[in-house]
Amino acid sequence: MKIGIDIMGGDFAPDATVSGAVLAYNELPKDVRLVLIGDKEQILACLAKEGADENNFDIVHASEVIGMGEHPTKAFSQKPNSSISLGFHLLKEGQLDGFASNGNTGAMLVGSMFSVKAIPGVIRPCITSVMPQENGGIGLVLDVGSNADCKPDVLYQFAVLGSLFAEHVYGIKKPRVSLLNIGEESEKGNLVAQAAHSLMKDSKDFNFIGNIEGRDLFNNHSDVIVCDGFTGNVVLKQAEAMYTMLRKRKIKDEFFDRFNYEIYGGTPVLGINSTVMIGHGISNNIAVKNMLLHTKNIIEANLADKIKLAFQ
């Protein structure tokens, strides 16, 4: 197995990404090879600083970087020698089994759509986030930002994608799927939510349990929570803000400690023909390490193939 990582992506690159790759190397099985994509001179300097053997990694030199503030589509097409563009080229050519980056999220989504492409039948690939549950489990929210506006059939597909992800990566049998809404009753919500509920209520593609409200996000009411990317991103950022405020006030609690993004590292783009992981721009070395370990688990689960089968 070969996993590529964009060494130049993220606010603390390349130091944090190289350090995270070294930490991941120490925990990954020896049959997993990490491919470091970025400025070779900087990568070698960072490896030396970490006291790591450069021979433990493959290094692919990239002479360009897509900045966090650059226009995704323009940058991806105009910078073919960037670490993100080269990563997708290697992924498309089968030289990588998965590709991860903490860099420009838009460019990662553009690369996913235009390079490895969406699985036939998938209208809109999406990204997800973990919501810790009070009982110690996890809930998955999707979409959390890649599709701000969604039609009912797209929300239906998110339910399929989330259910497959929960089952095959997190081992949740017959995941409970819900629709995030302003009330539990089927007639509640805007027209999109009402139409989506009508589509989902009799589905045999997933285990739909109905609407849930925002107060039910963390109480183990549902395993997969479906919403448009606008709503999901607001939920995600609110959860991150709550965790940050608790830390500032030096409040320690086992449940709230699980809101630390470092634990999860990154999220896959669901509905594309390969494994692509997107991490947080502020990721430190621990988050990078966990993103790479998570990438390996998703590759081993053959998630993309299982989604292809479901959409045939």
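What the table shows:
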item: Residues satisfying the stated conditions in segment 226-251, i.e. touching a strand residue (DSSP E or B) at 6+ places or on another chain (Cβ under 6 Å) and closer than 18 Å to L191 by Cα; result: V226, C227, G232
item: Restricting segment 261-289 to residues that are part of a helix (DSSP H, G or I) and closer than 19 Å to G87 by Cα, the residue that is least open to solvent (accessible area, probe 1.4 Å); result: V288
item: Selected residue [open to solvent by 30 Å² or more (accessible area, probe 1.4 Å) and either of a type in the set (V, I, T) or more than 15 Å from the chain's Cα centre (by Cα) (or both)] from D216, D228; result: D228
item: Scope segment 11-60; condition open to solvent by 20 Å² or more (accessible area, probe 1.4 Å) and in a loop (DSSP other than H, G, I, E, B); matching residues; result: D11, F12, A13, P29, K30, D31, D39, G51, A52, D53
item: Test result for M200, crowded, with 20+ Cβ neighbours inside 10 Å, more than 16 Å from the chain's Cα centre (by Cα), of a type outside the set (S, T, N, Q) and modelled with pLDDT of 95 or more; result: yes
item: Qualifying position, being over 17 Å from F206 (Cβ atoms) and either among the hydrophobic types (A, V, I, L, M, F, W, C) or open to solvent by 30 Å² or more (accessible area, probe 1.4 Å) (or both), among V130, V141; result: V130
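The values are calculated or read from the model by the stated rules, or taken from the named source; none is laboratory data. Note that the structure is a prediction, hence the values are computed from the model and not measured. With ideal geometry, Cβ positions are generated from the backbone for all residues, glycine too; neighbour counts draw on all protein chains shown. Surface accessibility is based on the protein's heavy atoms, side chains included, excluding ligands, DNA and RNA. Shrake-Rupley method; radii C 1.70, N 1.55, O 1.52, S 1.80 Å.
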